[in-house]
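Here is the structure we will look at, set down as structure tokens.
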Amino acid sequence: QVSVLYFARSAELAGLRCETLSVPRQITSLQLWEEIVKVHPRLAVIRDQVVFAVRQEYVLLGEQLLVLQPGDEVAIIPPISGG
Amino acid sequence: MDECEDVPNDFIKLKPEKLSVDEVSELVISPYCGAVSLFIGTTRNNFEGKKVIHLEYEAYTSMAETEIKKICRDVRQKWPSVKHIAVHHRLGVVPITEASVIIAVSSPHRAESLEAVMYCINTLKASVPIWKKEIYEDEYSWKENKECFWANSEK
């Protein structure tokens with residue numbers, strides 16, 4: 001079980017900022033995205049513009065294998081605009 | 001005051017209150033430094049012909065602070081003479097002409113602090129998880145920094 005955090009546009013599309021999700025311990029970042037979109041189909045429109053932050057490290061959506069621990073934070077990161 | 005006055009420090013703050021240039025510059029002033037360089041990012045009142053009413057910022061706060069710390073670490077590697085670094089970013093509503101970010105760097109001589117400040121703001125825009133929403137009269141828009149490598153500006 002991981003904590004999924006939503007920000008900016010992704011929070012608007014998902015309708016929430018934070019939830020727990022049950023996912024396999026080992027999963028590619030793309031598969032993780034697909035699990036999340038199953039729960040929040042409206043997120044599909046931003047698929048090409050987001051990255052993840054897993055345990056606060058950026059991860060692209062793709063074949064990268066993630067090894068997740070219970071309680072890990074996974075954040076959906078739309079294009080940033082700080083400063 | 002400080003027992004160890006010489007220890008270089010990073011001052012990082014994300015907060016909803018109005019930012020203060022005086023406060024941020026005072027954080028980095030040091031008797032060993034002859035230069036303090038500052039960058040202030042302020043909110044513009046227009047974008048592509050549309051009137052901007054105000055900006056709203058949100059952040060993945062814990063990761064934003066970590067990423068800013070990484071930037072400070074990089075600065076000290078590239079410019080070892082840099083003494084103190086302060087990065088204050090405002091969150092929530094920022095009215096027009098008010099500051100959304102203030103960066104200050106001190107160093108013994110001016111070249112390093114000037115270059116370090118530029119590096120800080122450029123890298124912040126590329127890597128720190130903070131988002132800005134521009135509020136217009138009848139709509140709004142989530143902005144995307146061109147420095148952000150996962151934004152699709154051609155779309």
Exercise. Which numbered condition trips up residue B:62, out of (1) within 20 Å of residue B:128 (Cα to Cα); (2) more than 14 Å from chain A (Cβ to nearest Cβ); (3) without any contact (Cβ under 8 Å) to a residue 24 or more places away in the chain?
Worked result: (2)
Seminar exercise, completed: Flagged pairs (Cβ under 8 angstrom, 6 or more apart or on separate chains; first in segment A:1-22, free of Cβ contacts under 8 Å to residues at least 24 places away in the same chain and within 12 Å of chain B (Cβ to nearest Cβ); second aliphatic (A, V, I, L, M) and surrounded by 12 or more Cβ atoms within 10 Å (Cβ to Cβ)) are A:17/A:5; A:17/A:11; A:18/A:4; A:18/A:5
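Considering only residues that are of a type outside the set (Val, Ile, Thr) and assigned to a strand (DSSP E or B), look in segment B:80-97 and name the one that is nearest to residue B:53 (Cα to Cα). Full working, then the answer.
Pass one, segment B:80-97, residues of a type outside the set (Val, Ile, Thr): B:80-81, B:83-84, B:86, B:88-92, B:95.
From what's left, assigned to a strand (DSSP E or B): B:86, B:88-90, B:92, B:95.
Details: B:86: 28, B:88: 22, B:89: 19, B:90: 17, B:92: 14, B:95: 7 Å.
Filtering first and then ranking leaves B:95.
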For this session: Go through segment A:36-54 and give me each residue that's crowded, with 16+ Cβ neighbours inside 10 Å and of a type outside the set (A, V, I, L, M).
Result: A:40, A:49, A:52
Problem set entry | Candidates A:35, A:57, filtered to the one that is within 14 Å of chain B (Cβ to nearest Cβ) and charged (D, E, K, R) | A:57
Seminar exercise, completed: residue B:14 vs (1) out of contact with any His (no Cβ under 6 Å at 6 or more places or on another chain); (2) of a type outside the set (Val, Ile, Thr); (3) closer than 25 Å to residue A:10 by Cα; (4) within 14 Å of another protein chain (Cβ to nearest Cβ): all pass except (1)
Exercise. In a loop (DSSP other than H, G, I, E, B), buried (at least 21 other Cβ atoms within 10 Å of the Cβ) and of a type in the set (Ser, Thr, Tyr): does that describe residue A:10?
Worked result: no
Exercise. Just one of B:93, B:75, B:105, B:101 is crowded, with 18+ Cβ neighbours inside 10 Å and closer than 16 Å to residue A:82 by Cα; which is it?
Worked result: B:101
For this session: Identify, by number, the condition in (1) surrounded by 20 or more Cβ atoms within 10 Å (Cβ to Cβ); (2) closer than 24 Å to residue B:145 by Cα; (3) hydrophobic (A, V, I, L, M, F, W, C) that residue A:32 doesn't meet.
Result: (2)
Problem set entry | Hits in segment A:55-83 - residues which are crowded, with 19+ Cβ neighbours inside 10 Å and either closer than 30 Å to residue B:99 by Cα or among the acidic types (Asp, Glu) (or both) | A:75, A:76, A:77, A:78, A:79, A:80, A:81, A:82, A:83
Exercise. Can you tell me which residues in segment B:98-127 are part of a strand (DSSP E or B) and either within 14 Å of chain A (Cβ to nearest Cβ) or closer than 14 Å to residue B:15 by Cα (or both)?
Worked result: B:99, B:100, B:101, B:102, B:103
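A short reminder: the numbers here are calculations on the coordinates, not readings from a lab. No experiment lies behind these values; they were computed from the predicted model shown. For neighbour counting, all protein chains shown are included, and Cβ atoms are generated from backbone atoms with ideal geometry for every residue, glycine included.
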